[in-house]
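> A single structure is presented below for examination.
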Amino acid sequence: MAKTRVPAVEGMFTMDPDDPHLIGAKIAGRDSYFFPCHLAGGDPGVAGPAQLEEVELSSRGTVWSYTTSDYPPPPPFVVNTDPYQPITVAAVQLHTEKMVILGQVVEGYGPDDLHVGQEMKLALDVLYEDDDNEYMVWKWRPTDPIESELR
Amino acid sequence: MDEIAILGVGMHPWGKWGRNFVEYGTHAAHEALADAGVDWNDVGFVSGAITVRCGYPGYVSGSTFARALGFNGSQVSSSYAACASGATALQVARGQILSGACDVAIVVGADTTPKGFLAPNAGDRPDDMDWLRFHLVGATNPVYFGLHARRRMDLYGATTDDFAMVKVKNSRHSVHNERARFTKEYGLDDVRNSPVVSNPLRLLDICATSDGGAAIVVSSMDYAKAHGHSDPVRVAGISTVTPTYPDTMIDLPYLATDSGAGTPEPEVGFKESIGHSAYAEAGLGPDDVDVAEVYDLSSALELDWYEQLGFCASGDAEKLLRDGVTTIGGRLPVNPSGGLGAFGEAVPAQALAQVCELTWQLRGEAGARQVEGARVGVTANQGLFGHGSSVVVRR
């Protein structure tokens, strides 16, 4: 029986497998965005309590930088492979919101496949699993050259 | 801003001693009091830097150290600001002195650290950014260090050997520092052959969390003069600024930066603003600096600080390193103590240890690692949650 796909943490991203989005906070009437929504910061240009709206953030951006974790991170990270396979992490600046978002890079890409300024798109992928569920998270995926040309 | 005098400094050597942090802090405090020639009963304010890894006594560190020294009825306070905790505790003490609430204060920080990655508190805690970054991304501290290092390579053409040379340089300094955790001189091959932790950084590029303790006795300038300190090293500026919105540089422990879409980014970025603010208080600038202690959480981050403290333009740090400018004997030695990579890192004590080292340097008491003729020194430091600090000292 197929496992149930559930978000690793509720409310931080949409679960559309083909076009997932991070769920951020936006200050009403301003281009001020925060992620995640439930830990939004403030904008000192707003007097008094800000009106926060929940919004789906754009899903494309360019690589600000990238790295790896060659050793398994400690809990609460869940090591999903035995032996541990080093993960690749990218910091990507969203085109629209001009904010940098961290995320793992999907399997198959290492630091040699990435460079600052490279185009990336948000993906939905398995973070870890147990007997019943697959716990999902956002990751970054390089857009292939053809897809970039079509933009 | 008025200056205060550094009357005495003290330290328990950095290492992996596995003992109670209170022992390190008390050792350092006694050494600082003796160095200052100040009787403990004359100290009117105890300013503790907090450790979050040693239970309740660590949260009330000011009181813990005061009791260990023998409660003397002084005022007390404890400060936590991640890696900047020591500087924050120093700033609190300065405020007490300059307001006239006390004449002499002691600032103490100490830590006992576990082996391996620093990790968040246990439990299922999605409301804690520090928990989320480990759980959802596996973003350890070295992951953030790796991001900054890799960006230097892609933007400025830095090489992994440049990063390794920072470690080599700093280990040549710490060989002459009996309080350092590592007193072995490392070569390029040692770094090259150490395992990759977060590409492009290897194990020997990354700071080693350690046990240690540091203490500083500070006073008003009037008290210093009246007690025979005619030309003390002085604290001329302290900065513990927060970032200015929008801060678009990704850093610990966040999953996202602020957004630069609606509000223009500030002219001076966060890390640059840390030094700027301390220079401004001191009425000094980068050209006045003779020696610096900067926070090399990774070797590559030391290079970032050269630029962020105004020692060179963006992208020129590697040249400064390669030309030997930042080695002892060069024009502007950086991390004569050995820095975090070779001296070691004991979080709440580290910003104080930086000031201790500069005090010895400005007094001409640094022995074989002495920076000749040093009159002005600057520290820089940065930690989690928008904390950072810089202290300018002068003679």
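> Residues that are in a helix (DSSP H, G or I), among the acidic types (D, E) and in contact (Cβ under 8 Å) with a residue 12 or more places away in the chain: does segment B:226-241 have at least one?
no
> Still on this model: For segment A:3-24, which residues satisfy the criterion of being away from chain B (no Cβ under 14 Å) and acidic (D, E)?
A:D16, A:D18, A:D19
> Need the failing condition index for B:C102 against (1) without any contact (Cβ under 8 Å) to a residue 24 or more places away in the chain; (2) not in a helix (DSSP H, G or I), just the number.
Condition (1) is where B:C102 drops out.
> While we're looking at this one, here's another question. Of all residues in segment A:67-89 being of a type in the set (S, T, Y) and at the interface with another protein chain (Cβ under 7 Å from one of its Cβ atoms), which is most open to solvent (accessible area, probe 1.4 Å)?
Top of the filtered list is A:Y71.
> With respect to A:I146, is the statement that it is assigned to a helix (DSSP H, G or I) and either surrounded by fewer than 17 Cβ atoms within 10 Å (Cβ to Cβ) or modelled with pLDDT of 95 or more (or both) true?
yes
> Which ones in segment B:253-311 are crowded, with 19+ Cβ neighbours inside 10 Å, β-branched (V, I, T) and away from chain A (no Cβ under 14 Å)?
Hits for segment B:253-311 are B:I274, B:V289, B:V291, B:V294.
> Here are some conditions: (1) touching a residue at least 40 places away in the same chain (Cβ under 8 Å); (2) under 18 Å from the mean Cα position of the chain (by Cα). A:N133 meets all but one. Which one does it not meet?
Status for A:N133: all satisfied but (2).
> A further question on this structure: Assuming B:S273 fulfils every condition listed in (1) among the small types (G, A, S); (2) more than 22 Å from the chain's Cα centre (by Cα); (3) closer than 27 Å to B:P142 by Cβ apart from one, which condition is it?
The one condition B:S273 does not meet is (2).
> Another one. Against the definition (within 30 Å of B:N41 (Cα to Cα) and either open to solvent by less than 10 Å² (accessible area, probe 1.4 Å) or modelled with pLDDT of 95 or more (or both)), how does B:D111 come out, yes or no?
yes
> Now a separate question. When segment B:205-228 is examined, which residues are found to be under 25 Å from the mean Cα position of the chain (by Cα), away from chain A (no Cβ under 14 Å), open to solvent by less than 30 Å² (accessible area, probe 1.4 Å) and not polar (S, T, N, Q)?
B:C207, B:A208, B:D211, B:G212, B:G213, B:A214, B:A215, B:I216, B:V217, B:V218, listed by residue number.
> So, one more: Which of (1) under 19 Å from B:T209 (Cα atoms); (2) at the interface with another protein chain (Cβ under 10 Å from one of its Cβ atoms); (3) in contact with a Pro (Cβ under 9 Å, 6 or more places away or on another chain) does B:H173 not meet, given it meets every other one?
Status for B:H173: all satisfied but (2).
> Related question: With the requirement that a residue be part of a helix (DSSP H, G or I) and without any contact (Cβ under 8 Å) to a residue 24 or more places away in the chain, what does segment B:128-149 give you?
B:W131, B:F134, B:H135
> Kindly list, by first and then second residue, each pair from a residue in segment B:263-278 that is of a type in the set (A, V, I, L, M, F, W, C) to a residue that is modelled with pLDDT under 95, limited to pairs with Cβ atoms under 7 Å and residues at least 6 apart or on different chains.
So the pair list comes out as B:I274/B:Q382.
> Taking interchain pairs and intrachain pairs at least six residues apart, which have beta carbon atoms under 9 angstrom, with the first residue in segment A:90-119 and more than 9 Å from every other protein chain (Cβ to nearest Cβ) and the second assigned to a helix (DSSP H, G or I)?
Between residues of segment A:90-119 that are more than 9 Å from every other protein chain (Cβ to nearest Cβ) and residues that are assigned to a helix (DSSP H, G or I), the close pairs are A:V105/A:D113; A:E119/A:E147; A:E119/A:S148.
> Pairs please, first residue from segment B:150-168 and under 16 Å from A:T67 (Cβ atoms) and in contact (Cβ under 8 Å) with a residue 40 or more places away in the chain, second anywhere and of a type in the set (K, R) and open to solvent by less than 60 Å² (accessible area, probe 1.4 Å), Cβ atoms under 6 Å, 6+ apart in sequence or on different chains.
B:A158/B:R152
> Quick check, is A:P44 part of a loop (DSSP other than H, G, I, E, B), within 8 Å of chain B (Cβ to nearest Cβ), loosely packed, with under 13 Cβ neighbours inside 10 Å and of a type outside the set (A, V, I, L, M)?
So A:P44 fits the description; yes.
> Look at segment B:366-395 and say how many of its residues are in a loop (DSSP other than H, G, I, E, B) and either on the phi > 0 side of the Ramachandran plot or of a type in the set (D, E, K, R) (or both).
As a first pass, look at segment B:366-395 and keep what is in a loop (DSSP other than H, G, I, E, B): B:366, B:370-375, B:380, B:383-387, B:395.
Next, only the ones that are either on the phi > 0 side of the Ramachandran plot or of a type in the set (D, E, K, R) (or both) stay: B:372-373, B:375, B:385-386, B:395.
Of the residues in that region, 6 qualify.
> For residues in segment B:114-138 being within 26 Å of B:A353 (Cβ to Cβ) and within 8 Å of chain A (Cβ to nearest Cβ), which is least open to solvent (accessible area, probe 1.4 Å)?
Among those residues, the one meeting the criterion is B:P120.
> Tell me, which residue of segment A:47-66 that is over 15 Å from the mean Cα position of the chain (by Cα) and surrounded by 15 or more Cβ atoms within 10 Å (Cβ to Cβ) is modelled with the highest pLDDT?
A:L52
> Report whether or not B:T183 is modelled with pLDDT of 95 or more and either open to solvent by less than 30 Å² (accessible area, probe 1.4 Å) or not in a strand (DSSP E or B) (or both).
no
> Against the definition (aliphatic (A, V, I, L, M), touching a Cys at 6+ places or on another chain (Cβ under 8 Å), touching a residue at least 24 places away in the same chain (Cβ under 8 Å) and open to solvent by less than 10 Å² (accessible area, probe 1.4 Å)), how does B:A366 come out, yes or no?
Details: aliphatic (A, V, I, L, M): yes; touching a Cys at 6+ places or on another chain (Cβ under 8 Å): no; touching a residue at least 24 places away in the same chain (Cβ under 8 Å): yes; open to solvent by less than 10 Å² (accessible area, probe 1.4 Å): yes.
No; evaluated as a whole, the condition is false for this residue.
> Now for a different question. Among the residues of segment B:120-156, write down those that are closer than 16 Å to B:Y254 by Cβ and among the polar types (S, T, N, Q).
B:T140, B:N141 - these are the residues of segment B:120-156 that are closer than 16 Å to B:Y254 by Cβ and among the polar types (S, T, N, Q).
> Here is a further query. Does any residue of segment B:187-204 turn out to be outside any strand (DSSP E or B), under 18 Å from the mean Cα position of the chain (by Cα) and either away from every other protein chain (no Cβ under 14 Å) or surrounded by fewer than 24 Cβ atoms within 10 Å (Cβ to Cβ) (or both)?
No; the residues of segment B:187-204 include none that is outside any strand (DSSP E or B), under 18 Å from the mean Cα position of the chain (by Cα) and either away from every other protein chain (no Cβ under 14 Å) or surrounded by fewer than 24 Cβ atoms within 10 Å (Cβ to Cβ) (or both).
The values are calculated or read from the model by the stated rules, or taken from the named source; none is laboratory data. Note that the coordinates shown come from a computational prediction; the quantities given were computed from them, not determined experimentally. Note that we place each Cβ from the backbone using ideal geometry, even for glycine, and neighbour counts take in every protein chain shown. Surface areas here come from the heavy atoms of the whole protein model, side chains and all, with no ligands, DNA or RNA. Shrake-Rupley method; radii C 1.70, N 1.55, O 1.52, S 1.80 Å.
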